[in-house]
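The values are calculated or read from the model by the stated rules, or taken from the named source; none is laboratory data. Keep in mind that what you see is a predicted model, and the values were worked out from it rather than measured. Heads up, the Cβs are rebuilt from the backbone with ideal geometry, glycines too, and the neighbour counts pull from every protein chain shown.
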Amino acid sequence: MFVLLSLACTTLCARLPTYKYFVIPDGYVETDIKEEIVQNCYNFSVDLVKKFLDDFTGPQPIVLLHAWNKKGDDGEYFACEVMRMKLKYLLIVHIPNIENAERKFLHSVRILNEETPSGAHWFHPPSDVLEIVMKGINEKYGNDVQLRNVAVYKTVMNYHKYGQIVIDTTKGEERMLFNIKLIQKFGEKSFQISSIEQIY
């Protein structure tokens with residue numbers, strides 16, 4: 001009986017969230033969510049992620065909870081903590097020149113505890129996946145497209161293994177965001193690209 005209870009407790013605890021708060025990277029300072037620049041970054045990022053992330057589609061509201069700001073040599077970053085359907089996400093927006101704040105780019109999207117109820121896992125992609133993805137992008141858009149940051153990487157198992165990776169890239173002075181769908185068929189050892197879409 002004790003063993004069964006222990007196993008049941010272990011199984012239950014494994015499904016409970018491990019963390020309640022995001023670990024905010026060094027250099028970020030909390031800022032008022034009512035500030036105009038924060039509201040603009042929040043609206044920009046929410047409108048953008050709805051175009052390619054299923055987590056944000058549907059009528060449920062996306063609520064802004066907290067915001068942080070970091071100033072760096074390459075501009076400013078605004079991190080917006082949002083909640084949708086009891087799940088918390090961190091949307092980070094990059095503004096290269098705060099004097100031209102209309103020019104914004106998505107830097108990354110993170111989810112608290114790196115897992116959704118649907119079984120999708122969010123984490124950093126292994127090097128072989130990045131190589132496959134960048135090769136596909138370079139073949140389609142040119143070898144001068146360079147990786148800047150991985151904005152999203154998530155996978156889910158449904159007989160086959162499906163992946164989605166969103167890549168922030170540069171091409172000269174131009175910034176480009178790509179949404180790439182991946183599939184690793186049952187029994188195979190690596191992902192294959194099923195589609196590449198340019199978001200901007």
Any residue in region 185-200 that's part of a strand (DSSP E or B): show its pairings with residues that are of a type in the set (Ser, Thr, Tyr) and surrounded by 12 or more Cβ atoms within 10 Å (Cβ to Cβ) at Cβ separation under 9 Å, as long as the two are six or more apart or on different chains.
-> Ser194/Tyr162; Ile196/Tyr141; Gln198/Tyr141
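Residues that are among the basic types (Lys, Arg): which strands (runs of 3 or more DSSP E) entirely in region 40-150 hold 2 or more of them?
Details: elements: 63-72, 75-84, 87-95, 105-111.
In region 40-150, the matching strands (runs of 3 or more DSSP E) lie at 63-72.
Being hydroxyl-bearing (Ser, Thr, Tyr) and touching a strand residue (DSSP E or B) at 6+ places or on another chain (Cβ under 6 Å) is the filter; apply it to region 18-43 and report the residue that is nearest to Tyr89 (Cα to Cα). Talk me through it step by step, then tell me what you get.
If we filter region 18-43 for residues that are hydroxyl-bearing (Ser, Thr, Tyr), which is where we start, we get 18-19, 21, 28, 31, 42.
Subsequent filtering for residues that are touching a strand residue (DSSP E or B) at 6+ places or on another chain (Cβ under 6 Å) retains 28, 31, 42.
On the way: Tyr28: 16, Thr31: 17, Tyr42: 12 Å.
Top of the filtered list is Tyr42.
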Qualifying position, being under 20 Å from Val152 (Cα atoms) and β-branched (Val, Ile, Thr), among Val38, Val49 | Val49
Assuming His121 fulfils every condition listed in (1) buried (at least 17 other Cβ atoms within 10 Å of the Cβ); (2) closer than 26 Å to Phe22 by Cβ; (3) in contact with a strand residue (DSSP E or B) (Cβ under 6 Å, 6 or more places away or on another chain) apart from one, which condition is it?
-> (1)
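One line per residue, one yes/no per condition, for (1) among the aromatic types (Phe, Trp, Tyr); (2) touching a strand residue (DSSP E or B) at 6+ places or on another chain (Cβ under 6 Å); (3) in contact (Cβ under 8 Å) with a residue 40 or more places away in the chain; (4) within 27 Å of Phe191 (Cα to Cα):
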site: Ser45; (1), (2), (3), (4): no, yes, yes, no
site: Thr57; (1), (2), (3), (4): no, no, no, yes
site: Gln60; (1), (2), (3), (4): no, yes, no, no
site: Val63; (1), (2), (3), (4): no, yes, no, no
site: Trp68; (1), (2), (3), (4): yes, yes, yes, no
site: Ala79; (1), (2), (3), (4): no, yes, yes, no
site: Glu99; (1), (2), (3), (4): no, no, no, no
site: Glu102; (1), (2), (3), (4): no, no, no, no
site: Leu106; (1), (2), (3), (4): no, yes, yes, yes
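Restricting region 151-184 to residues that are assigned to a strand (DSSP E or B) and of a type in the set (Gly, Ala, Ser), which is farthest from Ser45 (Cα to Cα)? Quick ask: steps written out before the conclusion?
Start the filter on region 151-184 by keeping residues that are assigned to a strand (DSSP E or B), which leaves 151-158, 160-171, 174-184.
Applying the additional criterion that residues be of a type in the set (Gly, Ala, Ser) yields 151, 163.
Numbers: Ala151: 12, Gly163: 21 Å.
Residue satisfying both the conditions and the ranking: Gly163.
Return yes when Gly58 is small (Gly, Ala, Ser) and at pLDDT below 95 and no when it is not.
Judged against the criteria, Gly58 is a match.
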Give Val129, Val152, Val166 a once-over and let me know the one that is farther than 23 Å from Cys80 by Cα, of a type in the set (Val, Ile, Thr) and touching a Phe, Trp or Tyr at 6+ places or on another chain (Cβ under 9 Å).
-> Val129
Answer yes if at least one residue in region 56-74 is hydrophobic (A, V, I, L, M, F, W, C) and more than 19 Å from the chain's Cα centre (by Cα), and no otherwise.
-> no
Could you tell me whether any residue of region 160-168 is surrounded by 14 or more Cβ atoms within 10 Å (Cβ to Cβ), among the polar types (S, T, N, Q) and within 22 Å of Pro117 (Cβ to Cβ)?
-> yes
